[in-house]
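The next block holds one structure in the form of structure tokens; read it before the comments.
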Amino acid sequence: MIIVTDGDRIAKRAVEIATSNIGGRCISDSSGNPTVLTGKEIIRLIKTAKHDPVVIMLDDNGDIGMGEGEKALLEIYKDQDIKILGVIAVASNTHYAKGTKIHFSVTGSGEISKSVVNKYGQKTKKKVLKGDTVDILRELDIYPIIGIGDPGKMMGKDDWIMGAPILTKAMEIILSSHHDEKQWHSTDSNNRTNKNKRS
């Protein structure tokens, strides 16, 4: 299961297109600005989705502190039946947020980078990505966290009409990372403990 930390109308359309591009299942009802559904309601939708990978959206709408999106994210993270493959952390102009470290970014030009990006998908010199639904990620053990600018926007470079290429690439990185991990652990008997989790 992949989480995108944005849920407004434009992001929703981009997430739907990008999820289709990777052959996944987008739970459109998880969108909202802020997130409308509770963590329990989203968990139920994840577990009843027809196929993997499932993609959901979570959004705090700029709330100070832990907003509805982060509350739902934490509840989903704690569910032992759900495996989070990765998070796409969306940058915004939220100045009061603590932010989160990222493992990679996808810039507005489609470059995979170790640099933190801003909401336009431009590289910055900052050490953490700031957004209104990412602070909780500092406390969670999730890999990979992929930073991007505004889904469906980035000055037109991620327009859903163009196939949301930046968001799609971020999802592909997460899937590729998971695939590499499975190959690495293919002979490890401990891997069996995760085989029934919903991705």
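The values are calculated or read from the model by the stated rules, or taken from the named source; none is laboratory data. Source: prediction; values computed, not measured. In this analysis, Cβ positions are derived from the backbone assuming ideal geometry, glycine residues included, and neighbour counts consider all displayed protein chains.
Selection within segment 139-149: residues that are hydrophobic (A, V, I, L, M, F, W, C) and in contact with a strand residue (DSSP E or B) (Cβ under 7 Å, 6 or more places away or on another chain). The member of this set that is surrounded by the most Cβ atoms within 10 Å (Cβ to Cβ) is ILE148. Checking each residue in segment 42-61 for being closer than 21 Å to ASP132 by Cβ and either without any contact (Cβ under 8 Å) to a residue 12 or more places away in the chain or not in a helix (DSSP H, G or I) (or both) picks out VAL55, ILE56, MET57, LEU58, ASP59, ASP60, ASN61.
Looking at segment 80-113, which of its residues are among the hydroxyl-bearing types (Ser, Thr, Tyr) and in a strand (DSSP E or B)?
THR100, SER105, SER113
Considering only residues that are of a type in the set (Gly, Ala, Ser) and assigned to a helix (DSSP H, G or I), look in segment 1-20 and name the one that is nearest to ASN61 (Cα to Cα). Within segment 1-20, the match that is nearest to ASN61 (Cα to Cα) is ALA11.
Checked against (1) surrounded by fewer than 23 Cβ atoms within 10 Å (Cβ to Cβ); (2) modelled with pLDDT under 95; (3) of a type in the set (Ser, Thr, Tyr), TYR120 passes all but a single condition, namely (2).
Scan segment 109-138 for residues that are free of Cβ contacts under 8 Å to residues at least 12 places away in the same chain and in contact with a strand residue (DSSP E or B) (Cβ under 8 Å, 6 or more places away or on another chain) and the total you get is 4. When VAL106 is tested against (1) without any contact (Cβ under 8 Å) to a residue 24 or more places away in the chain; (2) within 15 Å of the chain's Cα centre (by Cα), only condition (1) is not met. Inspect all residues belonging to segment 62-78 and state whether any of them is under 22 Å from PRO144 (Cβ atoms) and either touching a Lys or Arg at 6+ places or on another chain (Cβ under 6 Å) or in a loop (DSSP other than H, G, I, E, B) (or both). Looking through segment 62-78, none of the residues is under 22 Å from PRO144 (Cβ atoms) and either touching a Lys or Arg at 6+ places or on another chain (Cβ under 6 Å) or in a loop (DSSP other than H, G, I, E, B) (or both). Contact annotation: residue pairs with Cβ atoms under 6 Å, 6 or more positions apart or on different chains, pairing a residue in segment 152-168 that is in contact (Cβ under 8 Å) with a residue 24 or more places away in the chain with a partner that is part of a loop (DSSP other than H, G, I, E, B) and among the small types (Gly, Ala, Ser), are MET154/GLY108; MET154/GLY121; LYS157/GLY108; ASP158/GLY152; ASP158/ALA164; TRP160/GLY152. Before we move on, is VAL106 of a type in the set (Val, Ile, Thr), modelled with pLDDT of 95 or more, buried (at least 18 other Cβ atoms within 10 Å of the Cβ) and more than 21 Å from GLY62 (Cα to Cα)? Criteria met by VAL106. Considering every residue within segment 131-138, establish whether at least one is more than 15 Å from the chain's Cα centre (by Cα) and loosely packed, with under 14 Cβ neighbours inside 10 Å. Scanning segment 131-138 turns up no residue that is more than 15 Å from the chain's Cα centre (by Cα) and loosely packed, with under 14 Cβ neighbours inside 10 Å.
Just one of the listed residues (ASP29, ASP79, ASP8, ASP60) is over 20 Å from ILE136 (Cα atoms), of a type in the set (D, E, K, R) and out of contact with any strand residue (DSSP E or B) (no Cβ under 8 Å at 6 or more places or on another chain), and it is ASP29. Filtering segment 55-70 to residues that are hydrophobic (A, V, I, L, M, F, W, C) and surrounded by fewer than 24 Cβ atoms within 10 Å (Cβ to Cβ) leaves ILE64, MET66.
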